[in-house]
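The values are calculated or read from the model by the stated rules, or taken from the named source; none is laboratory data. All figures in this text were calculated on a predicted structure; none of them were measured in a lab. Virtual Cβ from ideal backbone geometry, glycine too; neighbours counted across all protein chains shown.
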């Protein structure tokens, strides 16, 4: 997959429907602002599994807001995937921002898969930092995979979702990592602008990685069909 193509497609959709995506990500932006306000000096951001995880020191309130932000960003990600699958009407953005609450299975899966990912990545990191980073990338698609199986009437377990993510990411981990690096400039721009740039950067970032997932699944299916 070409990184520039993924980003250009994401940027085009975002620019053509900016108000929709602004409203879609608005709840996440608000909770993120609350998180930063309640724990600015002790918040360290990590981007794992297209979700924003944070290690918080001395601020339980900040942790709560961070967890809600992660939930809302992931929820918006579900909509972004459906956008690339032509399943979304660009209207009523704010109700769609809470799509992860449409089904109890989504919400529970988000929590438990996130916990499993954090535990596994932590254990790998005990060996060395690099294996932890590699595994975090390997597990990054687990929740989206779980959601697709639920929607297709073929439910799987949380551990199976993580395993499928690892297999799906075989041969694509470097693509994912390089694409993460390509956003460093944009992510630096956010604090420089006092967070204002996040209005555009967050949807752009999420759309790009949701496009990555969508094409990854399509290419994997084409590969399976070719082998049959």
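A few remarks follow.
- There is no residue in region 199-212 that is at pLDDT below 95 and closer than 27 Å to residue 106 by Cα.
- The set of residues in region 74-129 being touching a strand residue (DSSP E or B) at 6+ places or on another chain (Cβ under 9 Å) and closer than 20 Å to residue 201 by Cβ consists of 74, 77.
- The set of residues in region 173-186 that are closer than 17 Å to residue 136 by Cβ and touching a helix residue (DSSP H, G or I) at 6+ places or on another chain (Cβ under 8 Å) comprises 173, 175, 176, 177, 178, 179, 183.
- Of all the criteria given as (1) part of a helix (DSSP H, G or I); (2) modelled with pLDDT of 95 or more; (3) farther than 22 Å from residue 76 by Cβ, the one not satisfied by residue 222 is (2).
- Total residues in region 149-187 satisfying the condition of being assigned to a loop (DSSP other than H, G, I, E, B), at pLDDT below 95 and within 20 Å of residue 4 (Cβ to Cβ): the figure is 1.
- Under the condition of being crowded, with 23+ Cβ neighbours inside 10 Å and farther than 14 Å from residue 109 by Cβ, the residues counted in region 137-161 number 2.
- Candidates are the residues of region 97-130 that are outside any helix (DSSP H, G or I) and without any contact (Cβ under 8 Å) to a residue 12 or more places away in the chain; the one that is surrounded by the most Cβ atoms within 10 Å (Cβ to Cβ) is 102.
- Cβ-Cβ contacts under 8 Å between residues 6 or more apart (or on different chains), taken from a first residue in region 81-96 that is closer than 20 Å to residue 7 by Cβ to a second residue that is surrounded by 12 or more Cβ atoms within 10 Å (Cβ to Cβ) and modelled with pLDDT under 95, are listed as 82/88.
- Extreme residue, modelled with the highest pLDDT, among residues of region 66-91 that are surrounded by 22 or more Cβ atoms within 10 Å (Cβ to Cβ) and more than 20 Å from residue 213 (Cα to Cα): 69
- Yes/no for residue 190 being surrounded by 14 or more Cβ atoms within 10 Å (Cβ to Cβ), in contact with a helix residue (DSSP H, G or I) (Cβ under 9 Å, 6 or more places away or on another chain), at pLDDT below 95 and in a helix (DSSP H, G or I): yes
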